[in-house]
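Remarks on the structure that follows.
The values are calculated or read from the model by the stated rules, or taken from the named source; none is laboratory data. No experiment lies behind these values; they were computed from the predicted model shown. Quick reminder, even Gly has a Cβ in these numbers, built from the backbone with ideal geometry, and neighbours come from all protein chains shown.
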Amino acid sequence: MENHSRIERVLDDIFANVIAIERTQKTINAHALEVSVMGKTSGAFVIDALKRLRQEDARAGARASASAFAEMAKMTTNSRTNGIVPNAHVCTTMISIAGDARDVEECANVLRWMEKRGEKECEPTTHTYTACVHAYDKVGDWESAFEVMKAMEVRGVKKNAHTYSALIRAGANGGKKGARAAVGLIPEMKRDFIEPDLAIASALICAFGVLESEESARAMLRAIESSGREVDAKLYTDYITAMCRCGNYAEAKEVFGRVSRTTFTCTAVMRAYADSMEWKLAEQLFEDMRRDGPKPNDTTHTAILHAYEKSLQWQRATSLLDDLARKGQAKEIHHNIVLSVLGKCSQWERAEKLFKDMRELYNIQPSRVTYSTLISAYGRSGKTELARKVFLQMLAKRIAPDDYTFVGLMLGPATAGNFRECAKISNEMKEYGVAPTVHTYNALIQAADIAGNYDKAVELYDELLRDGLEPNNTTRELVVAVANRGASYYDRQQKTAAVASYAAGLVGVMGMALGRW
């Protein structure tokens, strides 16, 4: 009890501090969960087979799950069928399988069917809703994960420690807005008499890291350590990541020295270095692993390539990819990361050759990510016609575009300040059912800025906020640049006091934007 009280006191202090920091933030309005309703159920006899299939192939398991569920739905509506009843365990397993395959639409369909069925045997349980939260976390949709929590409350289903750890983790993975929502669950967790376990503490440390709240993360770690509980590598790797996000590399290294070096822990630390733009630290750790162990795996190779990509080290990235290809270890994701860094460094010809080699030398069929990355590589170098050509090839392969695809198409016109063309591409998105994202807004704001259309840039930023989108660091940099250039432009033009007032307001918008980070 004493240890539990200590943890609760730490949470009280942390939450009071966070509230003080975030008191000027608006209440988060999560998007409503939009799901289609489809009558589905199944029988328990499919569970074991589906679980085995999931272990072999998540997507195949999800397809089999959906197929079995649909067939059993027909059977349960047939009065001649006996012995097959809807079952919450079966339905929850279906959701879990679909979640592993990132098929959140299928998860939503099954959950909605359970809610509408109105039968005790298939009433959604705490485990059902928690499985849905995990599914939305896997696709980076923390807002829908929190909507699942609201659905639980409406139906009077209690949240347990697993639910809270899943929600907090989903929020922490959703940027600062999501992390604030995650930390905001602390009072609710206390009202539900949920004692913070290792998973909750680990997720909270991750959220504090996103918010760059170094002291809160440290207090959480110390509280768990002093509670006498056995801690695991996940807790420490989350703490190391948090310290890296806060810029405290000395403490991150010190804690890393106390953790057992496994491929998992080393890769997690390498990923933290990558996110912090510390590619040299990531490279040093990678070379240590190669020399002394533990042996790097595919995820490790992805982490070091990301470190090179984020720091624009294209020569190192291509050299490592060549080495992996010679050993037969290069995967599609590794090629895509190198394509990305080549594009960012205006090495479009090298990117073009790599795209060709993927198909002809390594027999890797390009995915939507691959096509979109090549389109971006062309766009960054102003090769708009080549970007459009690859886009048409992508459509011919019946690969649906996403927001990154259209951002790639906008990059060329945006760099040239051709706002009209970017707006045209933005409208084209709607024809393919692609909703605007912060990335597409950033491209439009950049185009308006370069074109000197500062009114439009601010208008787009306001529209982004009205759409409930979270500005990222790129948005911040763009808004600051627009404010500075806009104020300078109107000053040079010696406009009237009204325009000068507008320029001051524009700088005010910059200040508002800065307050969001």
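For this structure, a couple of remarks:
- Within the option set L281, L320, being assigned to a helix (DSSP H, G or I) and modelled with pLDDT of 95 or more holds for one residue only, L320.
- For A166, the test of being hydrophobic (A, V, I, L, M, F, W, C), part of a helix (DSSP H, G or I) and farther than 22 Å from A201 by Cβ is failed.
- Looking across the stretch 273-311, the residues that are closer than 18 Å to A325 by Cβ and hydroxyl-bearing (S, T, Y) come down to T299, T300, T302, Y308.
- Residue within the stretch 133-155 that is of a type in the set (D, E, K, R), under 22 Å from F193 (Cβ atoms), more than 20 Å from the chain's Cα centre (by Cα) and assigned to a helix (DSSP H, G or I) present: yes
- Between P187, P124, the distinction of being more than 20 Å from the chain's Cα centre (by Cα) and touching a residue at least 60 places away in the same chain (Cβ under 8 Å) belongs to P187 only.
- Filter result for the condition that a residue is over 27 Å from the mean Cα position of the chain (by Cα), surrounded by fewer than 15 Cβ atoms within 10 Å (Cβ to Cβ) and closer than 24 Å to Y371 by Cβ, over D292, D322, D288, D298: D322
- Taking each residue of the stretch 159-183 that is within 13 Å of V133 (Cβ to Cβ) and looking for partners that are assigned to a helix (DSSP H, G or I) and of a type in the set (D, E, K, R) with beta-carbon atoms closer than 7 Å, six or more apart or interchain, yields A166/D137; R169/D137; A170/D137; N173/D137.
- When the residues of the stretch 412-454 are filtered to those that are farther than 23 Å from V480 by Cα and of a type in the set (V, I, T), the one that is modelled with the highest pLDDT is I425.
- Residues in the stretch 401-429 that are in a loop (DSSP other than H, G, I, E, B) and in contact with a Phe, Trp or Tyr (Cβ under 7 Å, 6 or more places away or on another chain): 1 in all.
- Set Y236, Y249, Y273: member being within 26 Å of the chain's Cα centre (by Cα), modelled with pLDDT under 90 and crowded, with 16+ Cβ neighbours inside 10 Å: Y249
- Within the stretch 169-227, restricting attention to residues that are in a loop (DSSP other than H, G, I, E, B) and among the hydrophobic types (A, V, I, L, M, F, W, C), the residue that is farthest from K150 (Cα to Cα) is L211.
- Given (1) under 23 Å from the mean Cα position of the chain (by Cα); (2) within 23 Å of T237 (Cβ to Cβ), index of the condition D197 fails: (1)
- Some residue of the stretch 327-334 being surrounded by 24 or more Cβ atoms within 10 Å (Cβ to Cβ), within 17 Å of A274 (Cα to Cα) and in contact (Cβ under 8 Å) with a residue 24 or more places away in the chain: no
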